[in-house]
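**Student:** Below is the structure I would like to discuss, written out as structure tokens.
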Amino acid sequence: MERPRHQGMAKNTCMRWRLPLVCLLWEGAMIVLFGVFVRFGAEADAHWEEEKREMNLTSDIENDFYFRYPSFQDVHVMIFVGFGFLMTFLKRYGFGAVGFNFLLAAFGIQWALLMQGWFHSFKNGKILIGVENLINADFCVGSVCIAFGAILGKTSPIQLLVMTLFQVTLFSVNEYILLNLLHVKDAGGSMTIHTFGAYFGLTVTRILYRPNLEQSKEKQGSVYHSDLFAMIGTLYLWMYWPSFNSAISDHGDAQHRSAINTYCSLAACVLTTMAFSSMLQKKGKLDMVHIQNATLAGGVAVGTSAEMMLTPYGSLIVGSISGIVSTVGYVYFTPFLESRLHIQDTCGIHNLHAMPGLIGGIVGAITAAAATEDVYGKEGFIKAFDFTGAYQARTPSIQGGFQAAGIVVSLLMAFAGGAIVGGILKLPIWGDAAAENCFEDEVYWEVPEDEESDAYHMHNPDKPASP
Amino acid sequence: MERPRHQGMAKNTCMRWRLPLVCLLWEGAMIVLFGVFVRFGAEADAHWEEEKREMNLTSDIENDFYFRYPSFQDVHVMIFVGFGFLMTFLKRYGFGAVGFNFLLAAFGIQWALLMQGWFHSFKNGKILIGVENLINADFCVGSVCIAFGAILGKTSPIQLLVMTLFQVTLFSVNEYILLNLLHVKDAGGSMTIHTFGAYFGLTVTRILYRPNLEQSKEKQGSVYHSDLFAMIGTLYLWMYWPSFNSAISDHGDAQHRSAINTYCSLAACVLTTMAFSSMLQKKGKLDMVHIQNATLAGGVAVGTSAEMMLTPYGSLIVGSISGIVSTVGYVYFTPFLESRLHIQDTCGIHNLHAMPGLIGGIVGAITAAAATEDVYGKEGFIKAFDFTGAYQARTPSIQGGFQAAGIVVSLLMAFAGGAIVGGILKLPIWGDAAAENCFEDEVYWEVPEDEESDAYHMHNPDKPASP
Amino acid sequence: MERPRHQGMAKNTCMRWRLPLVCLLWEGAMIVLFGVFVRFGAEADAHWEEEKREMNLTSDIENDFYFRYPSFQDVHVMIFVGFGFLMTFLKRYGFGAVGFNFLLAAFGIQWALLMQGWFHSFKNGKILIGVENLINADFCVGSVCIAFGAILGKTSPIQLLVMTLFQVTLFSVNEYILLNLLHVKDAGGSMTIHTFGAYFGLTVTRILYRPNLEQSKEKQGSVYHSDLFAMIGTLYLWMYWPSFNSAISDHGDAQHRSAINTYCSLAACVLTTMAFSSMLQKKGKLDMVHIQNATLAGGVAVGTSAEMMLTPYGSLIVGSISGIVSTVGYVYFTPFLESRLHIQDTCGIHNLHAMPGLIGGIVGAITAAAATEDVYGKEGFIKAFDFTGAYQARTPSIQGGFQAAGIVVSLLMAFAGGAIVGGILKLPIWGDAAAENCFEDEVYWEVPEDEESDAYHMHNPDKPASP
């Protein structure tokens, strides 16, 4: 009998002291920082009765909770079930996919509440939070889940926590530059979440390049039921994406419009994905990788423009194109990125988030530049782009230019940040596994070892093939 | 070693050019038609601020989005996860169940937005859409998902797209006749969605009768985990059915009442289903097929009457009866339909949708006929049945008669439409598989072929049993 | 070849007449009782138009439906998918977990509508129901689902229905004592749902102690995919817990605040759970049992205090502690309870519900005792604790005392009730399985027996290992 691989190795993947230390230290820091800074916003505070009178509100239904909580819960499901299960497609990395996504997101939302709070909700020395902050924290963590997709199966949980800490920080800075300094619109986060998150993750995985990764090649595939688990993630992302893109839009028509545009874009995207998936395989068979991923590109690609007057047919066009680009990406670009550029992108986030995110940023810039008072109405025009105060003089074409600048800034932040964080994660202290043990839950998880699961262990050299 | 079955056959199931062609052609048509016809409704348009003033609304919360969006998302989950996963019970057709359902629904909602839009939301040459249109499009597609259940595993994706095109069209016509010409109430669609969808699907599968289907008999069963995947579908349908039946009811009490009636009916249905499932098996064991399906009959059977004053105990009675009828149907009617009437009904939609749909239509007619001003209140009576304008003179008993007529019309449309569409689908150009390859994902999907999934391939003659 | 075990036994597990009899008898009783007692509340009744005028409401959006329906649906998902799938972790008891949970919950909500209705919604001889009653019924059933976790795999469906009948009754009495007599606040049910439900279930399982349970030891574990199914349950419980704790809080700030506190507590809980799960295993590997369960303790532990001014950092502290306590419980207390106290707790509800429930009660008492008009505002203080009418004179410290008394009452009710109900369930008439057939679906379910699932049957002595 062969010796267990991951014991005879040089690499020490034991998490026993390192992971608890990091988790407890960071949770302790969160408690202290929350204690110093975080308080309830006016709509969640027990003084709300008085607040209501002051704001001249006649009903509790005017509390922002009722405008946004259903969307918040949909976004919450996307982050934890959507991203978590989407990544369970690997035959032996389901625990890591759903479990590490859970860990990093649970940490990330706390840190995001602080970081985004300092930038956007800071009053008299306190961060005042409400349901919109919870949504934004989930959004911010979404960009980390995206980056996780690129390095799935190749990193230790500690590396993921370190990456989350830095990425949330950089995300918040980038978001502040875009939304506050450039005064850019990006309700569904094509630029701030997808473009930034994806290129950040791709840069990190490039730095962490593993030349011997083909040693775990046979674990990089799926099995029949793991593909079905992944479809749970896909469908929840797909169904709730209209909530994602509309969750923090202005009350009323903007939320309504964002949901409709996203619904249309996603529907179109499914058809073009199926078409190209079949067309690009020599026997015309559909590939689950495309169905699981490229069908979602339509949601990414209207992330910036969904709350604008993109119109339903505009959404169909954007969705159709993004489905094609994404599917073609899986077939041609991913192998190219790996063999030529040494970018090992486990989930293909380049196809699902990077390219559609860029499309989304560009479509947003064009839609903004093309806006007219005729289409939006006088009041609607000002409200949609928030052309008030210092921005009163902005014209649509100037806004379009700033939108385009937002794409560039997001890319630069992603490349620079990814390079630095990738360098940090390359340090040999974080307990990542050797190449031949990548994509394998047994490294960090207690995996059921009973006889009935033998089917899954056939090629595991840790134990004899049969009792 | 035997030769792969589906290569040595006469039937050409290759989708490489046909499927992409159909998908792209239809998506192209959608873009053109949306461009010509579809615009945002007043509540989703950027002119909403002005609209609000004209309509004398004081708050954005009066936007229909906030009345209906949570219900819309629940309905959306039912269509894509509910129907999709409910059909994953087959051991080797999970990809097809969830993937083809995804494809046909994504196409169907676009076409439904147009068809229903022309009938119901057409103003000055444009279809003006809002969240209620999205719900109705999902509803319409629901009837296609139902019909898909009858032919599951026996058709090519192109056949499904062709069927969707025609069924959505016929659905919209039937719906227009019922709601506008007969002035029938059917908020949860017992008649328009379930009766029509199920008898349409049953007629189609009758026309497509395959005499040699027992050749794939061993694939028509489930495996342990495929039954658990199916339960995900069941539970989401069951939990969200109150949202389904209340989604397009009038604001206020009607939505509230529909949800309560449906909740009660579904709860009762579970108990009678369990009772009869155990009673009808000789060792008293429960059958997952019944639990997965018949427990949902209660939702179907109050689809017409839920928004009426059916009362909670009335709902319990309807739910109890429909659970019994549906379970008995699985045990006795399904084999009868197959052996005597040559109706091969893969998912048993006759038991889950057809019979409970008829019950729903009848209960609706009776509940309408029994309505009194005493029970509804003077205003409530007029509002509940919309007895205004041309319908001012309608009495409850006349309404009951029209409701009954709605059932008959739906049946006739289903039989006639199903026969025509079945005939079209019988043409030998659509790439459906031979009988011995039905219920098998490998025909249209790339299925993971690695060694670890051998357990699932034991009887697949394409490859030797073990490496 | 060995004989099938469960046929050669003394125990008769055949449900054929007993289960149908119980189900139909009870459903019949529900119909009669609903017919006599249950009617629509004012907001779901067709007289709502008149009611609206009387209550001076200007918009349908003021209907309680729109304040609570989204939360209701989240709670509904937690009960049926959350609890149901959480318990599918066992390798051969997935049907029983999700199916029996479905059965008992569907019965329980009907009986709870009556029991809670008599106590809380009884007017002029009728129980008037609305969406809040549906939520409360789901809550009540939640406590039965918790108790089910302790006896999972060891009881017949009839025993579960009998337990549900009694437990719902006792729950309602206990809830009445706490909420109405002691005037205790417990919106998320730390005391009424978790403490009561868990100690009730633990007492029942103690009475039903099976000395030979190690005969089915090998079935008490999980397999790889059953652990993933369980994670679906975990994540839906985790994500929707903010809705659970806020579902019946006062409109406005209280609902908003409950959601935020719960969100924070749960996020912190994940980190401490991961930390201790790794720390307490000698190789530092994470254990799915902890991730599936202990990550939820944070939601339980703020169940009483979430609607109070616990503050976000307070929530982080409570969540952190409860994650630690719960994980330590799984590692040290569960084996101790089983070996020393003969408490066989299949799902470890002592760690997930009992201890965190007690923490929740205590934190609630402290938070109430520490309340000041300064923190809550004058009006907010009175509204938060409902210090009106007979309770006008209550001070925070007195309220704290009553809160503490609520914990004691819940414990006493649980122990006494559990002992009585356990005694009833011990009668040899309910058809429970012998020890060696526990945790095995084949006893009560038709399980797919085809060749492809052989992997799951390897050690099933009913049939030869291979055909």
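The values are calculated or read from the model by the stated rules, or taken from the named source; none is laboratory data. Since we're looking at a predicted model, the values are computed, not measured. Cβ sites come from the backbone with ideal geometry, for glycine too, and all protein chains shown count toward neighbours. To get the accessible areas, we keep the full protein, side chains included, count just its heavy atoms, and leave off ligands, DNA and RNA. Shrake-Rupley method; radii C 1.70, N 1.55, O 1.52, S 1.80 Å.
**Student:** Just name one of A:318, A:170, A:343: the one whose Cα is farthest towards the positive end of the charge dipole of chain A (beta-carbon charges, Lys/Arg +1, Asp/Glu -1).
**Tutor:** The residue sitting most towards the positive pole is A:343.
**Student:** Any chance you could check region C:298-327 for residues losing 40 Å² or more of accessible area when the partner protein chains are in, compared with the chain on its own (1.4 Å probe)?
**Tutor:** Buried by 40 Å² or more upon assembly, which counts only protein chains, are C:309, C:312, C:313, C:316.
**Student:** Along Cα→Cβ at 7 Å, what distances in nm separate the residue B:405 label point from those on the other copies, shortest first?
**Tutor:** Copy-to-copy label distances at residue B:405, shortest first: 6.6, 6.6 nm.
**Student:** Note down the accessible area of residue B:55, probe 1.4 Å, to the nearest 10 Å².
**Tutor:** Answer for residue B:55: close to 90 Å² accessible.
**Student:** What is the distance, in nm, between label points placed 7 Å from the Cα along the Cα-to-Cβ direction at residue C:339 and at residue C:372?
**Tutor:** 5.0 nm
**Student:** Report residue B:363's accessible area, 1.4 Å probe, all protein chains in place, as a number in Å² to the nearest 10.
**Tutor:** Approximately 30 Å² for this residue.
**Student:** Another question about this same structure. By a straight-distance test (C-alpha under 17 Å), which aspartates and glutamates pair with residue A:426 as possible cross-link partners, with residues fewer than eight away in the same chain excluded?
**Tutor:** Cα-Cα hits under 17 Å: A:345.
**Student:** What number, rounded to the nearest 500 deg cm²/dmol, is the helix-based mean residue ellipticity at 222 nm of chain C, given -39500 (n - 2.57) per DSSP H run of at least four residues and division by all its residues? If you can, show how the numbers build up before the last one.
**Tutor:** On the way: 19 runs with 272 residues, N = 467.
The per-residue figure over chain C is -19000 deg cm²/dmol.
**Student:** Calculate the mean, over all residues of peptide B:68-81, of how many other protein chain Cβ atoms lie within 10 angstrom of the residue's Cβ.
**Tutor:** Taking all residues of B:68-81 together, the mean is 6.
**Student:** Here is a further query. Using unit Cβ charges (K, R positive; D, E negative) and no other charged atoms, how large, in debye to the nearest 20, is the dipole of region B:69-431 about its Cα centre?
**Tutor:** 960 debye
**Student:** Could I ask something else about it? Of C:23, B:385, B:188, which is farthest along the charge dipole of the protein assembly as shown in the positive direction, counting Lys and Arg as +1 and Asp and Glu as -1 at C-beta?
**Tutor:** C:23
**Student:** Just to make sure I understand: if all protein chains stay in place, what is the order of A:387, B:122 by accessible area at 1.4 Å, largest first? Don't skip to the end; give the middle numbers.
**Tutor:** Values: A:387 10, B:122 95 Å².
Result, largest first: B:122, A:387.
**Student:** Follow-up. For q = 0.09 Å⁻¹, what log10 I(q)/I(0) does the protein assembly as shown give under the Debye formula with an equal point scatterer on each alpha carbon and no solvent?
**Tutor:** -1.23
**Student:** Would you mind telling me the share, in percent, of accessible area of region C:217-375 contributed by carbon and sulfur at probe 1.4 angstrom? Let's see the in-between values first.
**Tutor:** Numbers: 2340 of 3550 Å².
Here carbon and sulfur together make up 66 percent of the probe-accessible area.
**Student:** Turning to a different aspect of this structure: Using the Cα centre of the protein assembly as shown as the reference point, and only Cβ charges (+1 on K/R, -1 on D/E), how large is the resulting charge dipole? Debye, rounded to the nearest 20.
**Tutor:** Computed about the Cα centre, the dipole is about 2020 debye.
**Student:** Also, quick follow-up: If amide hydrogens are placed 1.01 Å from N in the peptide plane, which non-local residues have theirs closer than 5 Å to the one on residue C:38?
**Tutor:** Sorted by chain and number, the residues that satisfy this are C:127.
**Student:** Also: How many nm is it between the label spots at residue A:12 and residue A:283, if each spot is 7 Å from the Cα in line with the beta carbon?
**Tutor:** That separation, rounded to one decimal, is 4.9 nm.
**Student:** Per-residue Cβ counts within 10 Å, from other chains only, averaged over B:86-99: what number is that?
**Tutor:** Counting other chains' Cβ atoms within 10 Å and averaging over B:86-99 gives 3.
**Student:** Related question: Would you mind working out the accessible area per residue for chain C, using a 1.4 Å probe, and quoting it in Å²?
**Tutor:** On the way: 13590 Å² over 467 residues.
Counting only protein heavy atoms, the per-residue value for chain C is 29 Å².
**Student:** Between the label point of residue A:14 and that of the same position in each other copy, find the distances and list them shortest first in nm, with every label point placed 7 Å from Cα along the Cα-to-C-beta direction.
**Tutor:** Ordered by increasing distance: 5.8, 5.8 nm.
**Student:** What percent of all Cα-Cα pairs in region A:69-431 falls in each 20 Å bin, counting up from 0?
**Tutor:** Cα pair-distance distribution for region A:69-431, in percent: 32, 59, 9, 0.
**Student:** Moving on to the next point. How far is helix B:196-207 tilted, in degrees, relative to the longest principal axis of the Cα atoms in chain B, given as a value from 0 to 90 rounded to the nearest 10?
**Tutor:** Helix B:196-207 sits at roughly 30 degrees to that axis.
**Student:** Please give the average number of partner chain Cβ atoms lying within 10 Å of the Cβ of each residue in A:371-379, rounded to a whole number.
**Tutor:** What the average comes to for A:371-379 is 3.
**Student:** Under the rule of at least 5 residues apart or a separate chain, name every residue whose amide H is placed under 5 Å from the amide H of residue A:445.
**Tutor:** C:286
**Student:** Another question about this same structure. Need one word for region A:284-434: rounded, prolate or oblate. Basis is the Cα gyration tensor (sqrt eigenvalues a ≥ b ≥ c); a/c below 1.5 gives rounded, then a/b vs b/c decides.
**Tutor:** oblate
**Student:** As a test of reading the structure, rank B:333, A:83 by solvent-accessible area (1.4 Å probe, protein chains only), most first.
**Tutor:** I get B:333, A:83, largest accessible area first.
**Student:** Before anything else, pin down the relative contact order of chain B: Cα pairs under 8 Å, at least 6 apart, normalised by residue count, whole percent.
**Tutor:** Computed over chain B, the figure is 23 percent.
**Student:** How many square angstrom of accessible surface are buried between B and A, both sides summed, with a 1.4 Å probe and rounding to 100?
**Tutor:** 7200 Å²
**Student:** What dipole magnitude, in Debye to the nearest 20, does region B:194-339 give about its Cα centre under +1 on Lys/Arg Cβ and -1 on Asp/Glu Cβ?
**Tutor:** 440 debye
**Student:** Among A:281, A:146, A:261, which residue has its Cα furthest toward the positive end of the charge dipole of region A:69-431, with +1 on Lys/Arg Cβ and -1 on Asp/Glu Cβ?
**Tutor:** A:281
**Student:** With the label 7 angstrom out along Cα to Cβ, how close does residue C:28 come to the same site in each of the other copies, in nm, nearest first?
**Tutor:** Those separations, rounded to one decimal, come out as 6.6, 6.6 nm.
**Student:** If DNA, RNA and ligands are ignored and the probe is 1.4 Å, what is the ranking of A:271, A:412 by accessible area, most exposed first?
**Tutor:** Reading off the accessible areas and sorting them downward yields A:412, A:271.
**Student:** Keeping all protein chains in position, work out how much accessible area residue B:169 exposes to a 1.4 Å probe, and write it in Å² to the nearest 10.
**Tutor:** Its accessible surface works out to 40 Å², give or take rounding.
**Student:** Under the definition of Cα pairs under 8 Å and six or more residues apart, what whole-number percent is the relative contact order of region B:27-131?
**Tutor:** With pairs under 8 Å counted, the relative contact order is 44 percent.
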